[in-house]
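Input: a single structure, listed below in structure tokens.
What follows draws every value from the coordinates through simple rules; no lab data is involved. Because the structure is a prediction, the values reported are computed rather than measured. Positions of Cβ are generated from backbone atoms using ideal geometry, with glycine treated the same way; all protein chains shown enter the neighbour counts.
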Amino acid sequence: MNLVKKSGCGRYAPSPSGDLHFGNLRTAMLAWLCARSSGRSFVVRVEDIDTQRSSMESAQRQLEDLAALGIDWGREVVYQSQRYELYDAALARLRDRGLVFECYCSRKDIQEASRAPHSIPGHYPGTCRDLTEGERRERREALVAQGRVPALRLRSGLRSVGVRDALAGEYVGDVDDFILRRGGNAAQIGPQGPDWAYNLAVVVDDGEQGVDQVVRGDDLLPSAPRQAYLAGLLGYAVPEYVHVPLVLNERGERLAKRDGAVTLREMLETATVPEVLGSMAASLGMDGAGVRTAADLLEGFSMAALPRAASVFTGV
Ligand code: GLU
């Protein structure tokens with residue numbers, strides 16, 4: 001096989017809120033195959049910034065499952081919960097440039113305002129963007145009196161950004177004043193402060209880890225323009241994006257835990273690792289015969305030949 005010699009790094013970045021299912025594992029495999037087949041190194045990052053839903057036990061099980069399929073990673077696993085200083089530093093850089101503002105809106109306020117004429121549904125309508133200092137003080141005090149802390153948002157300079165995706169091609173998506181750090185109920189906030197937002201953490205981590213290839217499910221394609229824009233503001237190179245089609249259940253919905261034996265441990269009750277890999281290969285239009293571990297799939301792998309449509313999981 002011809003490995004293109006190239007430095008650079010790919011990654012898989014699961015959120016540890018339960019076992020990975022067949023679709024998640026297939027995405028992890030694709031991330032590994034894309035990295036390895038292009039001569040890149042590969043890292044795994046545990047995205048445990050959602051303190052309510054993440055657990056170390058779940059992270060450990062996810063890492064064991066990846067390893068069982070033969071996916072390996074070169075450096076130590078990085079945990080987002082140990083990188084708050086980096087997120088703080090990035091936020092400070094944005095703040096120094098006047099690009100951060102406090103937002104006092106509830107979810108309901110935003111939903112209602114984004115339904116107004118000329119608004120983009122779901123888009124942050126800019127309610128708190130240009131308040132005077134007096135208005136801010138008033139809103140902050142009212143929020144604090146309810147036991148809540150404000151969220152922090154990015155003062156975005158545009159409304160949409162285009163990115164290039166290796167599978168989807170040119171993709172233009174909305175960029176609003178998205179959240180950098182969550183607000184919420186003060187009583188539930190731990191000593192480390194409010195949770196960091198996914199978009200900020202992912203951009204800082206990809207930038208700091210030298211990740212130049214992002215392979216993940218295509219449900220995250222709409223987040224790529226926001227992330228590419230933020231990467232630019234923070235001085236990081238925009239990575240190559242490869243958003244891969246999801247795996248669906250038999251009803252055409254996104255595969256989920258309730259769809260039967262979908263986690264690796266469940267599948268291994270009746271099948272072997274090579275059988276699971278064979279089924280993964282088949283769902284990617286690859287030949288899975290004789291495949292015993294991830295490395296065996298590398299031989300016939302071509303990013304250009306990846307399916308562009310979702311596939312349906314009917315069991316191993
Ligand atoms: N942690 C995210 C998830 O599990 C993925 C983030 C990413 O790949 O950018 O859905």
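Brief remarks follow.
- Positive-end extreme of charge dipole, the chain - chosen from Phe22, Val202, Gly10 (charges on Cβ): Val202
- Extension gain for Leu298-Asp72 works out to 80.1 nm (0.36 nm per residue, less the C-alpha to C-alpha distance).
- Whole-number percent relative contact order across the chain, with pairs defined as alpha carbons under 8 Å at least 6 apart: 19 percent
- The dipole here belongs to segment 107-254: it is taken about the Cα centre, uses +1 on the Cβ of Lys and Arg and -1 on the Cβ of Asp and Glu, and is about 600 debye.
- For the chain, built as a Gaussian network whose Cα springs stay under 10 Å, the top-fluctuating residue of Arg254, Arg137, Arg36: Arg137
- Gyration tensor verdict on segment 121-242 (Cα atoms; rounded if a/c is under 1.5, prolate if a/b is larger than b/c, oblate otherwise): prolate
- The calculated FRET efficiency for Gln111 paired with Ala89, based on their beta-carbon distance and R0 = 45 Å, is about 0.85.
- Taking the Cα centre of segment 178-307 as origin and assigning +1 to Lys and Arg Cβ atoms and -1 to Asp and Glu Cβ atoms, the resulting dipole is close to 520 debye.
- For the chain, the longest principal axis of the C-alpha atoms and the axis of helix 273-283 are separated by about 70°.
- Counting only alpha carbon atoms, the long axis of helix 133-145 and the longest principal axis of the chain meet at about 70°.
- Against the chain, whose longest principal axis comes from its Cα atoms, helix 84-96 is set at around 50 degrees.
- At q = 0.23 Å⁻¹, base-10 log of I(q)/I(0) for segment 46-96 (Debye sum, equal scatterers on each alpha carbon): -0.91
- Just checking the listed ones, Gly173, Gly252, Gly207: in the Gaussian network model of the chain with Cα springs under 10 Å, the one fluctuating most is Gly252.
- Of all beta bridges that DSSP places with both ends in segment 187-316, some 10 percent have antiparallel geometry.
- Thr127-Asp219 pseudo-label distance in nm [points 7 Å out on the Cα-to-Cβ vector]: 2.7 nm
- When the convex hull of its Cα atoms is viewed from all sides, the chain shows a mean projected area of 17.6 nm².
- Dipole in debye (nearest 20) - the chain, about Cα centre, beta carbon charges: Lys, Arg +1; Asp, Glu -1: 620 debye
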